[in-house]
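Structure first, then comments.
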Amino acid sequence: MVNSLLRRIGRWTAVGSVPARIAAQFKTWPADDFGRFADASTGTGMPGAASALPPLLESVQPPPPTSIAPATFEMRFMKLHAERRFDQMWDLLAEDAQRAWGGREVFMRDMPRLDDDVELLDMQVVSVNVIEGWTDEAHQRSYSNVARMVMRYRVRQQWREWTFDRQVHLVPAAGGWRTLCYPARVRTAVGR
């Protein structure tokens, strides 16, 4: 008798969907998952059956990526250099520098390496200034909104430790900064 009563109640669409509607009030779905369930039904097999899921909302977009600070960018670049991860360093080069290298494989092969007995102990940012314009005299190129930084590096080679400062220039690019790390110029002998 109970089975026949349940079958009759199950045939009534309005009554059959009540438990699903109540359950939907207590379920929560991440905003970015709503699109997956746009056509979900309660499984009654009847067209137009009430959805067991909450109504669709506009997809919540993540905030735009924030720009990485110039100092953080340069520290990451030098850490990759110390770890000899040149393939990852390539993506951090400015387009002008990439063109000057001639390609990823050339960069990975010819980028100067730290000697095996040299260890980068520490990096510090001495100063950071974003300047309106800067001309790279060595490469005859001008840039705007350049981050000019002085970095202090502490290194050890066997028993000897020393510290040196180096000026670095970064140019703005999509998603942050790119470094102007050019290949060393090949010196040619001039004979007369």
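The values are calculated or read from the model by the stated rules, or taken from the named source; none is laboratory data. Quick caveat, the model's predicted, so the values are computed rather than measured. So basically every Cβ, Gly included, is an ideal-geometry build from the backbone, and we count neighbours across all protein chains shown.
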Take Val171 and decide whether it is β-branched (Val, Ile, Thr), surrounded by 11 or more Cβ atoms within 10 Å (Cβ to Cβ), closer than 22 Å to Arg99 by Cβ and touching a residue at least 24 places away in the same chain (Cβ under 8 Å). yes
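Would you check if Gly43 is surrounded by fewer than 13 Cβ atoms within 10 Å (Cβ to Cβ) and at pLDDT 85 or above?
On the way: surrounded by fewer than 13 Cβ atoms within 10 Å (Cβ to Cβ): yes; at pLDDT 85 or above: no.
It is false that Gly43 is surrounded by fewer than 13 Cβ atoms within 10 Å (Cβ to Cβ) and at pLDDT 85 or above.
Does Ala50 count as surrounded by 12 or more Cβ atoms within 10 Å (Cβ to Cβ), of a type in the set (A, V, I, L, M, F, W, C), modelled with pLDDT of 85 or more and farther than 20 Å from Val146 by Cβ? Working first, answer last.
On the way: surrounded by 12 or more Cβ atoms within 10 Å (Cβ to Cβ): yes; of a type in the set (A, V, I, L, M, F, W, C): yes; modelled with pLDDT of 85 or more: no; farther than 20 Å from Val146 by Cβ: yes.
When the stated conditions are applied, Ala50 does not pass them.
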Among what's in region 102-128 and is over 19 Å from Phe86 (Cβ atoms) and charged (D, E, K, R), pick the residue that is farthest from the chain's Cα centre (by Cα). Asp117
Apart from one, (1) surrounded by 16 or more Cβ atoms within 10 Å (Cβ to Cβ); (2) closer than 18 Å to Trp177 by Cα; (3) touching a Leu at 6+ places or on another chain (Cβ under 8 Å); (4) not basic (Lys, Arg) all hold for Trp90; the odd one out is (3)
Just checking, which of Val130, Val106, Val126 is under 17 Å from Glu74 (Cβ atoms) and touching a Pro at 6+ places or on another chain (Cβ under 9 Å)? Val130
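Pick from Ala138, Ala173: which is small (Gly, Ala, Ser), assigned by TED's automatic domain parsing to the domain that holds Phe77 and closer than 22 Å to Lys79 by Cα?
Values: Ala138 fails: closer than 22 Å to Lys79 by Cα.
Only one candidate qualifies: Ala173.
A quick yes/no check of all residues on (1) of a type outside the set (A, V, I, L, M); (2) in contact (Cβ under 8 Å) with a residue 12 or more places away in the chain; (3) in contact with a strand residue (DSSP E or B) (Cβ under 7 Å, 6 or more places away or on another chain):
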site: Ile68; (1), (2), (3): no, yes, yes
site: Ala71; (1), (2), (3): no, yes, yes
site: Met75; (1), (2), (3): no, yes, yes
site: His81; (1), (2), (3): yes, yes, no
site: Asp91; (1), (2), (3): yes, no, no
site: Arg99; (1), (2), (3): yes, no, no
site: Arg104; (1), (2), (3): yes, yes, no
